[in-house]
Amino acid sequence: METRRTSDLLSYLVKKKQATSKELCTHLHCSISTLRRELLELEKRKLIRRTWGGAILNETTNIEYTYLQREASNIP
């Protein structure tokens, strides 16, 4: 089940392609431990790749993004 925070996190990464943990915590208004749990779950689903201090969107997946995620990625 995808939460709103997970959806916001994916939308942000679709737009930015990669982000630091600090940047994601600020954007999502959450603690670092909450962010780590979200990132672990997304990494298990092979949607992202966690890096030291951040995350990178997995571009090679065949996932279908929600309308909000596609809309966020198309904003100039």
query = For the range 18-52, which residues satisfy the criterion of being open to solvent by 60 Å² or more (accessible area, probe 1.4 Å), under 22 Å from THR66 (Cα atoms), touching a helix residue (DSSP H, G or I) at 6+ places or on another chain (Cβ under 9 Å) and charged (D, E, K, R)?
reply = GLU41, ARG49, ARG50
request  = Only residues in the range 6-30 that are without any contact (Cβ under 8 Å) to a residue 12 or more places away in the chain count as the first member; pair them with residues that are open to solvent by less than 20 Å² (accessible area, probe 1.4 Å) and in a helix (DSSP H, G or I), Cβ under 8 angstrom, at least 6 apart or cross-chain, and list the lot.
outcome  = CYS25/LEU35
ask   = Regarding ALA55, is this residue touching a Phe, Trp or Tyr at 6+ places or on another chain (Cβ under 8 Å) and either hydrophobic (A, V, I, L, M, F, W, C) or open to solvent by less than 60 Å² (accessible area, probe 1.4 Å) (or both)?
value = no
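The values are calculated or read from the model by the stated rules, or taken from the named source; none is laboratory data. Source: prediction; values computed, not measured. For neighbour counting, all protein chains shown are included, and Cβ atoms are generated from backbone atoms with ideal geometry for every residue, glycine included. These area figures cover heavy atoms from the full protein model, side chains too; ligands, DNA and RNA do not enter into them. Shrake-Rupley method; radii C 1.70, N 1.55, O 1.52, S 1.80 Å.
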